[in-house]
Amino acid sequence: DTAVSQTPKYLVTQMGNDKSIKCEQNLGHDTMYWYKQDSKKFLKIMFSYNNKELIINETVPNRFSPKSPDKAHLNLHINSLELGDSAVYFCASSQVASGLSTDTQYFGPGTRLTVL
Amino acid sequence: AQSVTQPDIHITVSEGASLELRCNYSYGATPYLFWYVQSPGQGLQLLLKYFSGDTLVQGIKGFEAEFKRSQSSFNLRKPSVHWSDAAEYFCAVPNQAGTALIFGKGTTLSVSS
């Protein structure tokens, strides 16, 4: 059973399109995250949700909009895709109810987004 | 502000040799420290973590790390490397609010036969 799953695994699209990446965790965790890994493998937090509430919104363009329909899901919608959005996007979850990041984070396998 | 530095971008080690990956941190208080591993094409997996107590922490896959406050370091070690250890290794600390992890830029480990 996959703990944190993401779909799709690969996403190739044209500039200007709108796309979504879905994330689901079956660990019963309260906090979920989106990270972006660039071509140099640098990982940076984008968003954090705790029990469907936004905790962190780092300096991410407002073309990126996370949506959490319930605490097991955190989807990422991206409008008007740009070349610079090409990256690997990782979803993660952790158990800590308070949203603090001192607990172990469990990562999904990643979604490789390529914008042409 | 909290930060993590991994000075080595790429390390190559012979199979069976020992390994040490360096991590230096900047943190306001007693740090929480993590090492994650990313195998090719995979997500990140926790190797080990330090919160308090014994400064030598044991992790999965035979890895250990030692917290040295005087050197602001949390280096990862393994006595004998296997070819399957070839991966990207990330050191991380929580941000100031404790709401997300700040990752180092990673060290790529290659294992030669």
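Counting Lys +1, Arg +1, Asp -1, Glu -1, what net charge surrounds B:Leu46 among other residues with beta carbon under 15 Å of its beta carbon? Show your work: numbers first, answer last.
Values: positive: B:Lys49, B:Lys61; negative: A:Asp103, B:Glu64, B:Glu88.
Net local charge, B:Leu46 excluded: -1.
Treating cross-link reach as a plain straight distance, find the lysines whose alpha-carbon is under 22 Å from the alpha-carbon of A:Lys67, omitting any fewer than eight places away in the same chain.
Partners found: A:Lys9, A:Lys19, A:Lys22, A:Lys36, A:Lys44, A:Lys52.
Relative contact order (percent) for chain B, with alpha-carbon contacts under 8 angstrom and 6 or more residues of separation? Walk me through the intermediate numbers first.
Numbers: 283 pairs, mean separation 42.2, N = 113.
The value is 37 percent.
For segment B:6-21, what does the Karplus curve 6.51 cos²θ - 1.76 cosθ + 1.60, with θ = phi - 60°, yield as ³J(HN,Hα) per residue in whole Hz, taken in order and with x for Gly and Pro?
Whole-Hz 3J(HN,Hα) from phi for segment B:6-21: 10, x, 9, 7, 9, 10, 10, 10, 6, 4, x, 7, 7, 9, 9, 10.
For B:Lys68, list the lysines whose Cα falls under 23 Å from its own Cα; do not include residues on the same chain fewer than 8 positions away.
Result set, ordered by chain and number: B:Lys49, B:Lys78, B:Lys105.
Suppose each label sits 7 Å from its Cα in the direction of the beta carbon; what would the A:Thr13-B:Trp83 distance come out to in nanometres?
Distance between label points: 4.0 nm.
Tell me, what is the FRET efficiency for A:Ser65 and B:Thr5 to the nearest 0.05, using R0 = 35 angstrom and their Cβ-Cβ distance as r? Display every interim value, and only then the final one.
Details: r = 33 Å, r/R0 = 0.93.
The pair A:Ser65/B:Thr5 has a calculated efficiency of 0.60.
Rolling a 1.4 angstrom probe over the protein chains, ignoring ligands and nucleic acids, what is the accessible area of A:Tyr10 in square angstrom, nearest 10?
Counting only protein heavy atoms, the figure is 150 Å².
In cubic angstrom, how much convex hull volume per residue do the alpha carbon atoms of the protein assembly as shown span?
Values: hull volume 28.6 nm³, N = 229.
Dividing the Cα hull volume of the protein assembly as shown by its residue count gives 125 Å³.
Taking R0 as 30 Å, what's the FRET efficiency between B:Gln96 and B:Glu15 from their Cβ-Cβ distance, rounded to 0.05?
Details: r = 40 Å, r/R0 = 1.35.
Rounded to the nearest 0.05, the efficiency is 0.15.
Cross-link partners among aspartates and glutamates for B:Lys61, C-alpha distance below 12 Å, same-chain residues fewer than 8 apart left out?
B:Asp85
Does segment B:19-102 classify as rounded, prolate or oblate by the C-alpha gyration tensor (a ≥ b ≥ c root eigenvalues; a/c under 1.5 gives rounded; else a/b over b/c gives prolate, otherwise oblate)?
Numbers: a/c = 2.17, a/b = 1.38, b/c = 1.57.
In terms of gyration-tensor shape, oblate.
The values are calculated or read from the model by the stated rules, or taken from the named source; none is laboratory data. Computed from a prediction, not measured in an experiment: that's the story for all the values here. Because the Cβ atoms are built from the backbone with ideal geometry, glycine has one as well, and the counts that use them run over all protein chains shown. Each accessible area value is taken on the protein alone, full model and side chains, heavy atoms only, with ligands, DNA and RNA left out. Shrake-Rupley method; radii C 1.70, N 1.55, O 1.52, S 1.80 Å.
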